[in-house]
1. Which longest uninterrupted range of chain A lacks any GluC sites (Glu not before Pro) assigned by DSSP to a loop state (not H, G, I, E or B) and surrounded by at most 14 other Cβ atoms within 10 Å?
2. Under the rule of -39500 (n - 2.57) per DSSP H run of 4 or more residues, summed and divided by the residues of the protein assembly as shown, what mean residue ellipticity at 222 nm is obtained, to the nearest 500 deg cm²/dmol?
3. Please state the shape class of segment A:69-226: rounded when a/c is under 1.5, otherwise prolate if a/b exceeds b/c and oblate if not, all from the C-alpha gyration tensor.
4. Using only the Cα atoms of segment B:229-287, build the gyration tensor, take square roots of its eigenvalues as a ≥ b ≥ c, and label the shape rounded, prolate or oblate: rounded if a/c is under 1.5, else prolate if a/b is larger than b/c, else oblate.
5. Using a 10 Å cut-off on Cβ atoms, rank the peptides A:16-27, B:15-26, B:49-60 from the highest mean neighbour count down.
6. Inside 10 Å of the C-beta atoms of A:9-19, what's the mean count of C-beta atoms belonging to other chains?
7. At R0 = 22 Å, how high is the FRET efficiency between A:N243 and A:I298 if r is their beta carbon distance? Nearest 0.05 is fine.
8. Summarise the partner chain shielding of B:49-56 as one whole number: the mean count of Cβ atoms from other chains within 10 Å of each residue's Cβ.
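Every number in this text was worked out from the coordinates using simple rules, so none of it is lab data. Computed from a predicted model, the values in this text were never measured in an experiment. Here the Cβ is made from the backbone with ideal geometry for all residues, glycine too, and neighbour counts use every protein chain on show.
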Amino acid sequence: LEAPCRVLSIQSHVVRGYVGNKSASFPLQVLGFEVDSINSVQFSNHTGYAHWKGQVLTAEELNVLYDGIKLNNVHHYDYVLTGYTRDTSFLETVVDIVQELKRMNPKLVYVCDPVMGDQGSMYVPENILPVYRDKVVAVADILTPNQFEAELLTGRKINTEKDALEVMDLLHQMGPDTVVLTSTDLPSPRGDQFLVALGSQKIDGTKSTQKIRMDMPKVDAVFVGTGDLFAAMLLAWTHLHPNDLKAACEKTISVMHHVIKRTMTYANEMAGQGKRPNPAQLELRMVQSKKDIEDPAIVVERVMDV
Amino acid sequence: MHEMECRVLSIQSHVVRGYVGNKSASFPLQVLGFEVDSINSVQFSNHTGYSHWKGQVLTADELHVLYEGIKLNNVHHYDYVLTGYTRDTSFLEMVVDIIQELKRANPNLVYVCDPVLGDHGSMYVPQNLHPVYKNKVVPVADIITPNQFEVMDLLHKMGPDTVVITSSDLPSRLGDRFLVSLGSQRTSKWRVRMEIPKVDAVFVGTGDLFAAMLLAWTHHYPNDLKTACEKTFSVMHHVIQRTISYAHELAGPGRRPSPPQLELRMVQSKADIEDPAIVMEATVLTL
């Protein structure tokens, strides 16, 4: 990175583990990005553990923090990154902030993970959907919904790859120039041990798009924080490979592969023979993956043009 | 290859922008392979040296709640705890309780404590934090990193009204032929700094002479640590200069003097002892 690139990341903070800002900051910093982080909550750990405790930031408190940044005239960002949010007024405040930051820097890129649910069910309050659909997506530049979230945002079901490509085009029309469907139920040409992700990026100065398909091995474990890592790494690698979604995604899913593999090995070791690892054991091996984050070895033949 | 497994609990400030507190500690530790669990004691837009700053603080109760979450999951196992700038006594006391419990869970835990009280003569935490540091925090710390004023302050809290750090490795503003000494007197609020010329020899007995002379000169100048120190250090200077000249004369050119040759020229320095010409000025550091 030649010029310092400054990201404003508004996500959760957990004392222990790697979700939200904990998942996004270290990898981005390792790659040389300046990361300003507003913690939308502070919890002891993610909510997949048996217990979790902590405090949430209100929309008002978010405004106060942003105000501090603004009063010092340092509200200049190249990127904004957001993820899991449960509160509509908080999300609306985020939109206001993004709009103001875009007035300060028209080239600002807003990377938005519209976290709402998965596998057909929502895990945030239903009234978040209209805020994403009607306000957030319009100001997003890079969007990383899963299949379910893409269906909710567009009102269209995805049954075939053709449906998915059309949904991504619909999402382009709603705002973002780059859309990545991070996971789908579509069958992979590599077999049922793989899941399919798709990406679409408008090509500068034209009306056409670069479309790609990613085949990713399914893992027999529930990870938390991988979506946050994905969005952060997509930010980094699209920055380093602008106008080449294929290269950016190759790097991004390669990092994911290495981190997940290292984590699985460690988790199984900790759990012991034949036992399923628990959430604490499954925390991403983020710090141990520093070298893979800095310079991911490309896992070949995972990303294809469509 | 088995990676380092070392988990740190860091309880410090978070700033949205910039590098203080947890923002300053976490990334470098993570880059070195440490797992860092971080409890943010505050969330501010930026540090308080900017023109403006805004944000929220964590109460002692909220800290306890977060720790409870960790404990309920039975993951309260740490190799290190790290703390820094704290403004609130009940928060600090809660930190001590947590550390004591973590030490019971892991008796090998190392608590690294920066006892942030102030710098350059000014205190920037409330006075009522000082006894908490002295009585509760420092006793459970394994590594502490006070600056010179915090050292003085901690020593004052242990009893003495006057503390003189007779020599240090602090860099002198006069260059590396000088060493720095510091003095602090609590009731009179004097804080002084002296630049003392280094001497290329090992003397024995100078510390004893110093303590005796400080006794004498603080007796004569009970509320003026500046003058007492100037007199004391000046006597030291005269005695040492006389001694080193004589020692070199006895040893001969190019020879290092021996211990007998380096014995202080005490009796010969009577006039300087009686009425030391001031040869160095103490800089008064304002509170």
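1. It runs A:127-300.
2. -11500 deg cm²/dmol
3. Prolate is the answer for segment A:69-226, as a/c is 1.5 or above and a/b outweighs b/c.
4. In terms of gyration-tensor shape, prolate.
5. Sorting A:16-27, B:15-26, B:49-60 by mean packing, highest first, produces A:16-27, B:15-26, B:49-60.
6. Average per residue, whole number: 4.
7. Between A:N243 and A:I298 the formula returns 0.75.
8. Across the residues of B:49-56, the mean count of other-chain Cβ atoms within 10 Å is 6.
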